[in-house]
Structure formats: C-alpha cells, structure tokens
1. Would you please list the contacts, defined by Cβ atoms under 7 Å and residues six or more apart or on different chains, that run from a residue in region 42-67 that is without any contact (Cβ under 8 Å) to a residue 12 or more places away in the chain and on the phi < 0 side of the Ramachandran plot to a residue that is buried (at least 18 other Cβ atoms within 10 Å of the Cβ) and part of a helix (DSSP H, G or I)?
2. Please enumerate the residues belonging to region 15-34 that are within 26 Å of residue 91 (Cα to Cα), assigned to a loop (DSSP other than H, G, I, E, B) and free of Cβ contacts under 8 Å to residues at least 60 places away in the same chain.
3. Being surrounded by 13 or more Cβ atoms within 10 Å (Cβ to Cβ), at pLDDT below 90 and under 22 Å from residue 97 (Cβ atoms) is the requirement here; does residue 40 meet it?
4. Residue check: is residue 57 in a loop (DSSP other than H, G, I, E, B) and either at pLDDT 95 or above or surrounded by 10 or more Cβ atoms within 10 Å (Cβ to Cβ) (or both)?
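The values are calculated or read from the model by the stated rules, or taken from the named source; none is laboratory data. All of these numbers come straight from a predicted model, not from anything done at the bench. Heads up, the Cβs are rebuilt from the backbone with ideal geometry, glycines too, and the neighbour counts pull from every protein chain shown.
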C-alpha cells in the first residue's frame, strides 16, 4: 500500500478482502480496500461487510460523528474474519433477499 495514497485506519478490523482505508491527502475521505491483494476493489461475503460495518460503528470516530450509532453496537462482538465468514447466506436466502440478480 502506498502511504501517500491511502493508509490503514487504526482500530478498524476489516476482512480478508473487505475493508476501507483513509486517503489522507483528501481529508475526511475513505475508500474501499482489499487487504488480501492490496487494491481498491474490496469484495466479500455479506458477513464480511457486516464485520466492516460493525468495526466502523465501534470506531472512536463514530462516537464523534454519530454517537447514537456508536452506542447501538457497543455490545456486538468485533471479530476478525480473515479467511472465513461467521455464516454465509445460502443460495435460497440470497435469491429471496435479492432476486436472481440478472435484472439489471
């Protein structure tokens, strides 16, 4: 990762391919990031993205900008999914929630 372009955010636990980093040269601006291969094309299971969301909501910066959101997840376990999800969605669950995905 090029330190000029982006930096890891201390205290933010991402997942194998789903995380965000700070772009310090842009102030209050953050971009997707894949820790696995170091690019800006982050990807992951729904559970990986939930992990990123929990980590963002529990970060001290959230206590400043959205204290009610920070408080809402205070008791949620913040784990590190590097290689696996906690639980994946089945094909049936994905279809029920999002449809077949070919309608765009």
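1. 62/56; 62/70; 63/70
2. Those that are within 26 Å of residue 91 (Cα to Cα), assigned to a loop (DSSP other than H, G, I, E, B) and free of Cβ contacts under 8 Å to residues at least 60 places away in the same chain: 17, 18.
3. Working: surrounded by 13 or more Cβ atoms within 10 Å (Cβ to Cβ): yes; at pLDDT below 90: yes; under 22 Å from residue 97 (Cβ atoms): no.
For residue 40, the condition - surrounded by 13 or more Cβ atoms within 10 Å (Cβ to Cβ), at pLDDT below 90 and under 22 Å from residue 97 (Cβ atoms) - is not met.
4. Answer is no for this residue.
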